[in-house]
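The values are calculated or read from the model by the stated rules, or taken from the named source; none is laboratory data. A quick note: this is a predicted structure, and the numbers were derived from the prediction, not measured. Counting neighbours? That spans all protein chains shown, and the Cβs are built from the backbone with ideal geometry, glycine included. Quick note on the areas: whole protein, heavy atoms, side chains included, nothing else; ligands and nucleic acids left out. Shrake-Rupley method; radii C 1.70, N 1.55, O 1.52, S 1.80 Å.
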Amino acid sequence: MKRLRLDRWTGQLLVARPPTSTPLRYARPGAVCARLAPRRQQSTAIATQLSTSSDGFDYDRFPPLEPLPPTATSLPSPTPDRALKSARLAALHARLSLPEKLPLQTLARTLVDSSADENPQFNNSNLAFVGQTLINYHVAEWLMVRYPRLPMAILWAAMAAYSGPAPLFQIAQSWGVKSAAAPGGEVDPGLLQFSLEGLNPSDRKFGYSRLEVERKHKFRHSISSGVIFDDDYGQLIFDGKTGVEQKEPTADENGGDQTPSHMSYGDEKTRLLAEQAHAKFVRALVGSIYAHCGRDTVRAFIKSHVMSRTLDISTLFQFKSPTRELAMLCEREDFEPPIARLLSETGRHSRTPVFVVGIFSGKDKLGEAAGPSLDAARWKAAMNALKAWYLYSPGEHVRVPSDMLVSDARPWEPAHIDIGEVISF
Amino acid sequence: MEAQLTRRSATACSGLLSCSSRSSSGRLFAPSTKTVAVTSIRQKSSAARLRRALNIPPHPSFVLKDTSADRIIFNPPSSEASVFHTPFKFLPKSDPRRRQNIAELFKSQATGTEGTVATGSPSLDPARLPVVKKWAWEQKPHHVTAEQVAEIRRLRTEDPVTNSVHKLADKYNCSALFIRMCVQAPKEHKEKVKAEEDRIKARWGPIRSAARAERKRRIDMLFAGEL
C-alpha cells in the first residue's frame, strides 16, 4: 500500500468542506456551539498541520457553514426558524411543486418523527393522523366504487398496496427524501429525522388494540371483527409494549451477535423503523397540505402521488376451493349451475398435454383456462370466472362520493355496491 | 413463410420417394441419384429469391374490401381472456352494458345455436362439448333424510373401521364430503389413521417425498394464480 503524501496534495483537496455531521466535541452544550456549524476534521495529520486556533481549527480557513443558535444541540429537533435557510427543504418544496401556502416551517415539521422529538407540538404525529385518514378515505372510496365486488380480504390487500407503509416508503424515496443518521437539534431540517433506538411506546398505530391479544392465547380473528377493531389494512394493532415484545426477538436473531441496537444498521428492525418513519412523513405532508391549502388541493395531491400508481388487483387473489365457491355463487345469483366443458385439447398422451376448459352456466361462458391436466384447467377456469365476478367494474372513471363536495356538482347517482363475498372465512 | 417453403419441398420429397418405391417394387432403397435430387432444398441464395420469399401477402382480415369509410381492424393474437372483461351474465342489472346488448341477448336465446354474447365466440354450442367432470351436486342430489344422517353418525361412531367414509357414501348414494360434513370419526381412530399415514410417509425416499412436496407446491401456486 502506498503512503499518502499529504504535503503534495493540492490546496483544493485540503480546503474541501466536509459533509454535515456532528463531532462529539460539539455535543456538549457550551460556548463553542454558538459560533460553529457542524463539521468534522478531515484527518488528524491535517489538523495538527493547520491548527492555528486553541481548539485545533483554523476558523478563518474553514468558515462555519451556518451559525447555529446557542441551544441547538440540546434540542431534540431543529428549531423552526432554521427551516427558511435549509437548501434541502426548499429543494423538496420545489421538487414536489407544493403550493406557496404551505410554509417551509410546516414542511420541516413533517420531517420530524415522534421517535426523534416526543413533543407533539414539534413532531409530525398529529399531521400524520390527519394525512392517514385522508389518504385511506380517498383510496377506500375509490376502490369501493371502482371494484364494488371485491372481497374484504382483497380490499384490505389493495388498500395496503396503495396506501400502506411499504408504498408510502417508496413514494418518499422517489421524492428524494434522505434521513439523518441520528436526530438532533443541529441536523439539517431538510433531512428526515427518526430514532433507531426502538419503537417508541407512546407512538402507537392509530386504532383499537384488542384486549384478546393480551388476555387470550388463541382467539377467532374474523373478517367482521377486523373491520371494526383492526387498522385500515386488516392488521392487528398492538400497543407499543406488545409490538416491541414481538419485534425484538426477530431483530436479535437476525443480528446474530451481541451488537447494541444503535450499532446494527440495516437489519430487519431498523428497516421496519425507517419504513414507518418515511410513511409517516408522507402522511404528515398530506395532512399539512390539507391544513394549509384545503380539501381540493389535498385530493389532487393524493390522486397524483398515491392513487396514480399501478396495481394489478387480479394477482392478489388466493383461492381455496374455486369450484365450490363458483357453484355457491351461481346458486346465490340464480344462475344455472356451472358445468366444465372441454373446449380443445392437444397431446393427451404426451408428456406435456394442454387442455382448454371452459366453464358454462347455461349458454354463457363464465371463464376459460388452459392447463396441463383436466383438473388444473378446470380449477383455473373456475378461478378466472370468480375473478371476473369479483373484478367487475362499472368503468374506469367512476364518480366517487367526494366528487359531490365540489359546489357545482351534478346530482349523485347511486353507485352499485355488491352484497358481499360468496364464502367468508 | 419459412415453414411453408420447407413443407412444399417436403411434400415433393415424399412424392418422389413413393414413385421410386412403386417403380422399384420389392427393393428397399431407391437409386442414389434420385435420393440426391430429393434432398436438395432451394435456398434463398440470391437477392431475388430472398425478396420473393419475404414478399408475404397480408392476412385476409387486414385486406379492406370496402374502403369508402374509416374502419378499425380488430385482429388480436390468440391469448387467454382477461379477467377484467366481465362476462355478460355477471353484469349487474343496473349496468349500461347490459341494456345496450339486450337485443343480442334475445337473439342468442332464440336461436340457441348462436355463440355466447359475453365471449362473442361464434358457432360453439356448449351443449355439444364434452363435460370434463361433473360437479358434486350434479353427481349426488340432495336426498339424505335426517334419520339417515343420524344413522350415518351412529354407524361411523360405533365402528369407524368397517363404516369408512367411502363405504357410507356408497351406501347412502351421497358424496364423501357429505359424510365428512355429517360426522367426524372418533379421536382414537383419527390418531390411529394418522400414525399409519406417518409410518408410510417415513418410508418414502427423497425422490418420492420431493415429488409429493413439489406437487403440493404446484397446486398452491395454481390457486394463488402464479401458474
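The figures follow:
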read-out: Segments classed as helices (runs of 4 or more DSSP H), wholly inside the range B:118-188, with at least 1 members that are open to solvent by less than 30 Å² (accessible area, probe 1.4 Å) and either at pLDDT below 80 or of a type in the set (G, A, S) (or both); value: B:165-172, B:176-182
read-out: One residue from A:A388, A:A382, A:A369, A:A376 being of a type outside the set (D, E), open to solvent by less than 20 Å² (accessible area, probe 1.4 Å), free of Cβ contacts under 8 Å to residues at least 40 places away in the same chain and touching a Ser or Thr at 6+ places or on another chain (Cβ under 7 Å); value: A:A388
read-out: Residue list for the range A:316-335, restricted to those being exposed (fewer than 13 other Cβ atoms within 10 Å of the Cβ) and farther than 16 Å from A:W379 by Cα; value: A:R332, A:D334
read-out: Some residue of the range A:405-422 being of a type in the set (S, T, N, Q), outside any strand (DSSP E or B) and at pLDDT 95 or above; value: no
read-out: Residues satisfying the stated conditions in the range B:189-227, i.e. among the basic types (K, R) and either part of a helix (DSSP H, G or I) or within 14 Å of chain A (Cβ to nearest Cβ) (or both); value: B:K190, B:K192, B:K194, B:R199, B:K201, B:R208, B:R212, B:R215, B:K216, B:R217, B:R218
read-out: Contacts under 6 angstrom Cβ, first residue in the range A:323-340 being more than 9 Å from every other protein chain (Cβ to nearest Cβ), partner at pLDDT 95 or above and surrounded by fewer than 14 Cβ atoms within 10 Å (Cβ to Cβ), 6 or more apart; value: none
read-out: Total residues in the range B:189-210, condition surrounded by 11 or more Cβ atoms within 10 Å (Cβ to Cβ) and of a type in the set (G, A, S); value: 2
read-out: Cβ-Cβ under 7 Å pairs, at least 6 apart or on other chains, the range A:406-423 side outside the structural domain of A:L143 (by TED's automatic domain parsing), far side of a type in the set (D, E) and open to solvent by less than 50 Å² (accessible area, probe 1.4 Å); value: A:A409/A:D403; A:V422/A:E325; A:I423/A:E325
read-out: Pick from the range A:346-363, criterion at the interface with chain B (Cβ under 7 Å from one of its Cβ atoms) and in contact (Cβ under 8 Å) with a residue 24 or more places away in the chain, ranking: farthest from B:P92 (Cα to Cα); value: A:V357
read-out: Qualifying positions in the range A:118-143 - within 25 Å of A:S74 (Cβ to Cβ), open to solvent by less than 20 Å² (accessible area, probe 1.4 Å) and touching a residue at least 60 places away in the same chain (Cβ under 8 Å); value: A:N124
read-out: Count - residues of the range A:71-117 that are exposed (fewer than 13 other Cβ atoms within 10 Å of the Cβ) and of a type outside the set (D, E, K, R); value: 5
read-out: Boolean, A:A153 is open to solvent by 10 Å² or more (accessible area, probe 1.4 Å), part of a helix (DSSP H, G or I) and more than 20 Å from A:A94 (Cα to Cα); value: yes
read-out: Residues satisfying the stated conditions in the range A:371-420, i.e. more than 11 Å from chain B (Cβ to nearest Cβ) and of a type in the set (A, V, I, L, M); value: A:V398, A:V400, A:M404, A:L405, A:V406, A:A409
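Residue-wise test of (1) open to solvent by less than 100 Å² (accessible area, probe 1.4 Å); (2) modelled with pLDDT under 85; (3) part of a loop (DSSP other than H, G, I, E, B).
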| residue | (1), (2), (3) |
| --- | --- |
| B:R51 | no, no, no |
| B:T67 | no, yes, yes |
| B:I72 | no, yes, yes |
| B:P77 | no, yes, yes |
| B:T86 | yes, no, yes |
| B:F106 | no, yes, no |
| B:T116 | yes, yes, yes |
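Per-residue answers, yes or no, for (1) open to solvent by 10 Å² or more (accessible area, probe 1.4 Å); (2) closer than 15 Å to A:G164 by Cα:
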residue: A:G266; (1), (2): yes, no
residue: A:F281; (1), (2): no, yes
residue: A:S288; (1), (2): no, no
residue: A:T297; (1), (2): yes, no
residue: A:F301; (1), (2): yes, no
